[in-house]
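The values are calculated or read from the model by the stated rules, or taken from the named source; none is laboratory data. These numbers were taken from a predicted model, which means no experiment stands behind them. Don't worry about glycine lacking a Cβ; one is built from the backbone with ideal geometry, like all the others, and counts go over all protein chains shown. What goes into the accessible areas is simple: the full protein's heavy atoms, side chains included, and nothing from ligands, DNA or RNA. Shrake-Rupley method; radii C 1.70, N 1.55, O 1.52, S 1.80 Å.
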Amino acid sequence: MEHPDEIVRLLRCIRNLLFGVGLMLFALGILAFGLMFTQGTPIFGVIFYGSALLFLLGAIWWFCSHRLSDPVDDPPEPL
């Protein structure tokens, strides 16, 4: 383990990526539940728009955590 800070950053990035993807899959599961059991009722609109917002939040979380691992934004290493 030559650079423990890099390992910690990589593990945090992986955790954030998995959380974002998990949030997107959860939103798709809620949408599937709504399509199967509440289609044609007023509650379906709430489930539909709620799952769309959750999916968007997960996509933003995934994209932002992916961009934070970009080496361009890293501070310079001390000499």
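Failed condition for residue 62, given (1) open to solvent by less than 70 Å² (accessible area, probe 1.4 Å); (2) under 30 Å from residue 9 (Cβ atoms), with all others met?
Evaluating residue 62 over (1) open to solvent by less than 70 Å² (accessible area, probe 1.4 Å); (2) under 30 Å from residue 9 (Cβ atoms) leaves (1) as the failure.
Find all pairs meeting these conditions: Cβ atoms under 7 angstrom apart; at least six residues apart or on different chains; first residue within region 17-31 and touching a residue at least 40 places away in the same chain (Cβ under 8 Å); second residue open to solvent by 40 Å² or more (accessible area, probe 1.4 Å).
17/62; 17/66; 19/61; 20/61; 20/62; 21/62
What single numbered condition from (1) at pLDDT below 95; (2) assigned to a helix (DSSP H, G or I) fails to hold for residue 53?
(1)
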